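Peer 1: Encoded as structure tokens, here's the structure I'll be asking about.
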Amino acid sequence: HKVAQRYDVMNDLMSAGMHRVWKDAMVTALNPPKDRPWHSLDVAGGTGDIAFRIVEASRGNAQVDVLDINGSMLEVGRERAEKRGLADNLAFVEANAEDLPFEDGSFDAYTIAFGIRNVPDIPKALGEAYRVLKRGGRFLCLEFSEVDAPLLETLYEKWSFNAIPRIGQAVTGDGEPYRYLVESIAKFPNQENFAAMIRNAGFSRVTYTNYTGGIAALHSGWKL
Ligand code: SAM
């Protein structure tokens with residue numbers, strides 16, 4: 001709640017704009033249909049970055065429900081959607097990823113970007129993702145992951161533990177949410193272990209792609 005108004009500018013500062021490239025790559029991988037109505041759920045959708053990209057990539061054919069537990073983030077998302085003229089394609093839903101307020105088999109795709117790491121019971125959230133997808137539906141998760149290059153890892157750790165909380169303090173007036181961010185990244189399972197969790201939730205053809213040496217990774221699965 002404290003950082004919602006400065007959330008987007010902080011993402012640019014912390015990642016030197018890289019979060020935009022990773023999010024674009026996620027939506028390219030999703031490849032929403034451009035010729036028919038299609039319904040997608042973006043969980044932990046925050047201020048709408050993924051949902052806006054999906055609607056634009058679908059040339060206005062996609063309907064996206066943006067779900068987040070945090071009403072302040074959703075409020076910023078609603079305002080941004082109005083300004084971009086995308087509001088008709090979007091619904092904003094305040095709810096918990098662990099307990100989705102939707103019927104079984106409701107969505108063609110489920111996306112979650114930089115969100116699952118924050119959920120206390122990840123297997124429960126993955127189970128909910130599986131439940132609300134239609135047969136043939138796609139699961140995509142973008143998340144910070146394990147860096148696979150030693151030099152990059154050293155630089156990344158220095159940047160994360162020293163610079164990010166200070167930037168957070170300067171920009172939002174509070175370094176604590178950004179200390180939490182860095183600590184939660186360090187605790188999150190690596191690529192292989194997270195892929196195993198996705199398989200355990202029932203998904204098929206589970207794969208992942210590293211971005212920027214593994215700073216982020218995109219995991220993909222299908223409900224078949
Ligand atoms: N997806 C957006 C993006 O990539 O810019 C926002 C990511 S932000 C780092 C993490 C989001 O996860 C926050 O908006 C937070 O409120 C949301 N979140 C945390 N726990 C959640 C939960 N249990 N259910 C739904 N959303 C949650």
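The values are calculated or read from the model by the stated rules, or taken from the named source; none is laboratory data. The structure displayed is predicted, hence computed values, not measured ones. All Cβ positions, even for glycine, are placed from backbone atoms using ideal geometry, and neighbour counts span all protein chains on display. For accessibility, only protein heavy atoms count, side chains too; no ligands or nucleic acids. Shrake-Rupley method; radii C 1.70, N 1.55, O 1.52, S 1.80 Å.
Peer 1: Across region 4-34, which residue is farthest from the ligand (Cβ to nearest atom) among those that are open to solvent by 20 Å² or more (accessible area, probe 1.4 Å) and β-branched (Val, Ile, Thr)?
Peer 2: So the residue we want is Thr28.
Peer 1: Among Asp148, Asp68, which is the only one that is within 18 Å of Phe188 (Cβ to Cβ) and charged (D, E, K, R)? Full working, then the answer.
Peer 2: Values: Asp68 fails: within 18 Å of Phe188 (Cβ to Cβ).
Criteria check complete, one pass: Asp148.
Peer 1: Further question on the same structure: Anything in region 103-136 that is touching a residue at least 60 places away in the same chain (Cβ under 8 Å), open to solvent by 20 Å² or more (accessible area, probe 1.4 Å), touching a strand residue (DSSP E or B) at 6+ places or on another chain (Cβ under 9 Å) and more than 13 Å from the ligand (Cβ to nearest atom)? List them, or say none.
Peer 2: Ser106, Asp108, Tyr130, Lys134, Arg135, Gly136
Peer 1: Could you please find all residues in region 97-146 being on the phi > 0 side of the Ramachandran plot and touching an Asp or Glu at 6+ places or on another chain (Cβ under 7 Å)? Talk me through it step by step, then tell me what you get.
Peer 2: At the first step, the residues of region 97-146 found to be on the phi > 0 side of the Ramachandran plot are 105, 114, 136.
Phe114 - this is the single residue of region 97-146 that is on the phi > 0 side of the Ramachandran plot and touching an Asp or Glu at 6+ places or on another chain (Cβ under 7 Å).
Peer 1: Which pairs turn up if I take residues in region 13-29 that are in contact (Cβ under 8 Å) with a residue 40 or more places away in the chain and look for partners that are aromatic (Phe, Trp, Tyr) with beta carbon separation below 7 Å, at least 6 apart in sequence or on another chain?
Peer 2: Trp22/Tyr211; Ala25/Tyr211
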